[in-house]
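Visitor: Below is a structure I'd like to ask you about.
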Amino acid sequence: MNKNIQLNKLSLNLATSLLAIILIVFILYITQTVVVPILFSVIVAVMVFPLAKILERIGFNRTFSTIISLILASAFFSGLSYVIVLQVVEIAKDAAMIVTKLEVLYKESLNWVTKTFNISQSELLDNALVELKEAFSTISKYAMTFFQSFGSVLTSFILIPIFAFFFLYYRDFFKSFFLKVFKSTPREKVEDTLNKMYEALQNYMVGQLTVMFIVAILNTIGLYILGIDHAWFFGVLASLLMILPYVGIAIGSIFPAIFALATMDSPYYALGVVGWFQVVQFLEGNFITPNIVGSKVSLNPMVSMLAIILGGMLFGFAGFILALPLAALLKVIFDSIPQLEAFGYLLGDPEIENKKMEEVENKNNLEEEEESSELINSDDSTTN
């Protein structure tokens with residue numbers, strides 16, 4: 001009888017949890033026009049908070065410090081965007097020459113395929129058209145979702161600095177709110193969790209920006225060695241595309257490779273570009289990111305990929321960017337709740353999580369040894 005009651009309670013709790021998750025996801029999906037800017041504004045607030053804190057320590061009031069910090073951050077990103085646009089305009093001047101060269105390459109490639117594989121051009125073109133139609137149909141579906149989400153982010157872009165200002169200015173108020181929500185939990189525990197969430201988000205973003213900077217330098221060096229024009233532009237562009245985890249550098253290699261095909265006298269330069277970017281991606285994935293970001297934010301690679309896929313399904317383009325920071329925050333939350341600690345372990349990197357468990361076990365063993373030695377000493381003193 002008791003077993004049946006326990007099973008019924010377990011089933012009820014599981015069903016309630018699943019319904020709650022479905023409801024939360026549904027609400028996030030239908031309110032993404034507002035939720036996405038809020039999430040981005042949290043990231044912006046975390047990024048500029050150290051600067052605002054420095055200005056406050058100097059003697060400026062919170063309003064002035066917050067506004068100046070956001071203006072400086074906006075000026076930096078606006079300046080970067082302006083420089084990139086100037087380079088795009090510069091490259092666009094050679095658009096006619098690039099298109100002409102690509103047409104010649106296309107015709108030469110078509111002739112080579114027809115002669116090598118003994119296929120008529122009409123048959124080849126018919127098959128290519130069928131494949132292109134199918135590919136275009138698939139791509140257009142994803143592109144529609146992509147641009148709809150991207151457009152909503154751009155439309156509400158003005159909301160991001162406004163929300164970021166409120167998060168920075170009223171940070172003590174929001175902290176008090178969380179303390180009231182979790183008033184049954186010890187204050188130190190809530191404050192520690194909030195601090196860990198802030199550190200996880202800041203460490204991830206600072207680490208990611210550092211990785212982007214290193215990758216931009218490596219990309220640019222390789223393109224300079226190959227003699228590709230606008231090397232720094234293509235190098236920086238590919239590093240900025242790393243906001244799309246795992247595929248950013250690969251996508252970024254397409255643009256300089258096409259440019260190399262159109263402007264250089266041999267297709268081997270384009271192969272060199274792709275090859276170099278693959279080397280950079282290998283270094284980034286196996287050495288740079290694990291040592292810079294991974295040492296601060298430990299996320300399971302499989303869970304990270306699932307988070308990116310689910311983020312893209314939920315928020316489109318914005319979801320790809322927000323997925324990993326949100327996963328890092330979820331890990332901190334799960335780690336701080338005993339009932340959800342196992343899920344925090346699942347989200348973490350196996351090696352790092354196992355090391356943590358070993359450290360906890362060693363600490364517990366040491367405490368037990370100390371307690372037993374104290375008991376022995378107390379028994380000895382009692383006997384004496």
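Visitor: Name the pairs: first residue in the stretch 17-28 and within 18 Å of Gly311 (Cβ to Cβ), second residue part of a helix (DSSP H, G or I), Cβ to Cβ under 7 Å, at least 6 apart or on different chains?
Guide: The qualifying pairs are Val25/Leu314; Leu28/Val35; Leu28/Leu314.
Visitor: Further, regarding this structure: Under 8 Å between Cβ atoms, at least 6 apart or on separate chains: pull out the pairs that start in the stretch 163-175 with a residue that is within 13 Å of Ile43 (Cα to Cα) and end on any residue that is at pLDDT below 95 and basic (Lys, Arg).
Guide: Leu168/Arg62
Visitor: If you don't mind, another one. Determine whether the stretch 266-282 contains at least one residue that is in a helix (DSSP H, G or I) and closer than 21 Å to Asp349 by Cβ.
Guide: yes
So that you can scan it fast, the table gives a plain yes or no per residue for (1) modelled with pLDDT under 85; (2) over 25 Å from Ile243 (Cβ atoms):
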site	(1), (2)
Gly275	no, no
Leu283	no, no
Phe343	yes, yes
Asp349	yes, no
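Visitor: OK, next. Select from the stretch 205-223 the residues that are polar (S, T, N, Q) and either over 24 Å from Leu39 (Cβ atoms) or buried (at least 18 other Cβ atoms within 10 Å of the Cβ) (or both) and list them in ascending order.
Guide: Residues satisfying the conditions are Gln208, Asn219, Thr220.
Visitor: Oh, and also: Would you mind telling me which numbered condition in (1) modelled with pLDDT under 85; (2) outside any helix (DSSP H, G or I); (3) farther than 22 Å from Ile43 by Cβ Pro245 fails?
Guide: (3)
Visitor: Moving on. What tally of residues in the stretch 259-281 results from selecting those that are surrounded by fewer than 15 Cβ atoms within 10 Å (Cβ to Cβ) and more than 25 Å from the chain's Cα centre (by Cα)?
Guide: 5
Visitor: Then there is this: Checking the condition over 30 Å from Phe167 (Cα atoms) and modelled with pLDDT of 80 or more, which residue from Leu70, Leu86 passes?
Guide: Matching residue, one of Leu70, Leu86: Leu86.
The values are calculated or read from the model by the stated rules, or taken from the named source; none is laboratory data. All values derive from a computational prediction rather than experimental measurement. Because the Cβ atoms are built from the backbone with ideal geometry, glycine has one as well, and the counts that use them run over all protein chains shown.
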